[in-house]
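The structure appears below as structure tokens.
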Amino acid sequence: QVQLVESGGGLVQAGGSLRLSCVASGSMFIMNYMDWYRQAPGKQRELVAADDSGKGRFTISRDNSKNVVFLQINSLKPEDTSVYYCHAKAWYRGMNVDYWGQGTQVTVSS
């Protein structure tokens, strides 16, 4: 099985930045990919649109050798307030399985 542990959330003022981290651990799995979702109060969980270009507000980076994924969020807005979840797709005992972390709260004050 795969365990995902997120860190890096917190309370930040609008305009600030945060870097979230997620580490995957476990045994007998082959990681397929890792990404980030978020869920605001009363809303559905959604994929965080991020790329590795560094040009947008959301930048995702990975260390595939260590099964670690990061999410850099810049110019934070109050509407970014959500629980951010690490998600992984991994092969485990011949099945491609979705795994989720417990989430890390990001709160942006105006």
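The values are calculated or read from the model by the stated rules, or taken from the named source; none is laboratory data. Predicted, not measured: the structure shown is a model, and the values here were computed from it. Glycine also receives a Cβ, built like all others from the backbone with ideal geometry; neighbour counts cover every protein chain displayed. Calculation scope for accessible area: heavy atoms of the full protein, side chains included, ligands and nucleic acids excluded. Shrake-Rupley method; radii C 1.70, N 1.55, O 1.52, S 1.80 Å.
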Next item on the list: Let me know the whole percent of all Cα-Cα pairs from the chain that are separated by more than 24 Å.
Entry: 22
Check: Accessible area, 1.4 Å probe, largest first: how do D35, D80 sort?
Finding: D35, D80
Notebook entry, point to check: Using 7 Å Cα-to-Cβ label points, what is the S109/Y92 separation (nm, one decimal)?
Noted result: 3.8
Notebook entry, point to check: Spin-label point model (7 Å from Cα, Cβ direction): what's the R62 to E46 distance in nm?
Noted result: 2.3
Check: In nanometres, what is the gap between the two model label sites at A14 and S75, each 7 Å from Cα along Cα-to-Cβ?
Finding: 1.4
Item checked: Of all accessible heavy-atom area on the chain, the percent that carbon and sulfur account for (1.4 Å) -> 49
Checklist line | Relative contact order [Cα under 8 Å, 6+ residues apart], the chain, whole percent | finding: 37
Check: Counting other Cβ atoms within 10 Å, which trypsin sites (Lys or Arg not before Pro) in the stretch 16-106 have at most 16 and lie in a DSSP loop?
Finding: K43, R45, K55, R57, K66, R93
Item checked: the chain, accessible area per residue, ligands and nucleic acids excluded (1.4 Å, Å²) -> 57
Next item on the list: Assuming 0.692 mPa s and 37 °C, estimate D for the stretch 1-59 with Stokes-Einstein, Rh taken as the Kirkwood radius over Cα pairs, in µm²/s.
Entry: 237
